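Okay, so here's the structure we're looking at.
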Amino acid sequence: NCINLRLPPSGAIYAWEFNKDAREFSVRVDGQLTLNNIAPALDAALDGIGLAYAPKDLVQPYLKSGQLQGVLADWCPAFQGYHLYYPSRRNPSPAFFVFVEAFRYRSK
């Protein structure tokens, strides 16, 4: 039983992404539970309701403590990082500049 995640604002169900040996594909999984936030999806996995597809950095403490087990680790893609897009013709506000710099610092 898989725990699905509904993407705002489209409402589409997130397709689980896999890759191995240069093969990439997405799978829409079946499950009785669909949530719109990763936090309750992790809670549901911790409660034994089903499998959750989540970023490793979010589940690492639970993996380390043994509360959760990883599956299909060799099929899970590495996180490629965040992308931030903004208009190049406008001068960013000081607050926006600080946000971008904080984001860059955090991603290192």
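The values are calculated or read from the model by the stated rules, or taken from the named source; none is laboratory data. Because the structure is predicted, anything quoted here is derived from the model rather than measured. In this analysis, Cβ positions are derived from the backbone assuming ideal geometry, glycine residues included, and neighbour counts consider all displayed protein chains.
Computed values, structure above
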quantity	calculated
Residue in segment 27-41 that is more than 17 Å from the chain's Cα centre (by Cα), more than 24 Å from ALA12 (Cα to Cα) and of a type in the set (D, E, K, R) present	no
Residue in segment 63-71 that is among the hydrophobic types (A, V, I, L, M, F, W, C), at pLDDT below 95, over 15 Å from the mean Cα position of the chain (by Cα) and more than 21 Å from GLY81 (Cα to Cα) present	yes
Selection from segment 49-81 of residues that are in contact (Cβ under 8 Å) with a residue 40 or more places away in the chain and aliphatic (A, V, I, L, M)	ILE49, LEU51, ALA52, LEU72
Index of the failed condition, LEU84 passing every other in (1) hydrophobic (A, V, I, L, M, F, W, C); (2) in contact with a strand residue (DSSP E or B) (Cβ under 9 Å, 6 or more places away or on another chain); (3) touching a residue at least 12 places away in the same chain (Cβ under 8 Å)	(2)
Wholly enclosed strands (runs of 3 or more DSSP E) of segment 1-72 bearing at least 2 residues surrounded by 13 or more Cβ atoms within 10 Å (Cβ to Cβ) and in contact with a Lys or Arg (Cβ under 9 Å, 6 or more places away or on another chain)	33-35
Within segment 86-108, considering residues that are in a loop (DSSP other than H, G, I, E, B) and more than 19 Å from the chain's Cα centre (by Cα), the one modelled with the highest pLDDT	SER93
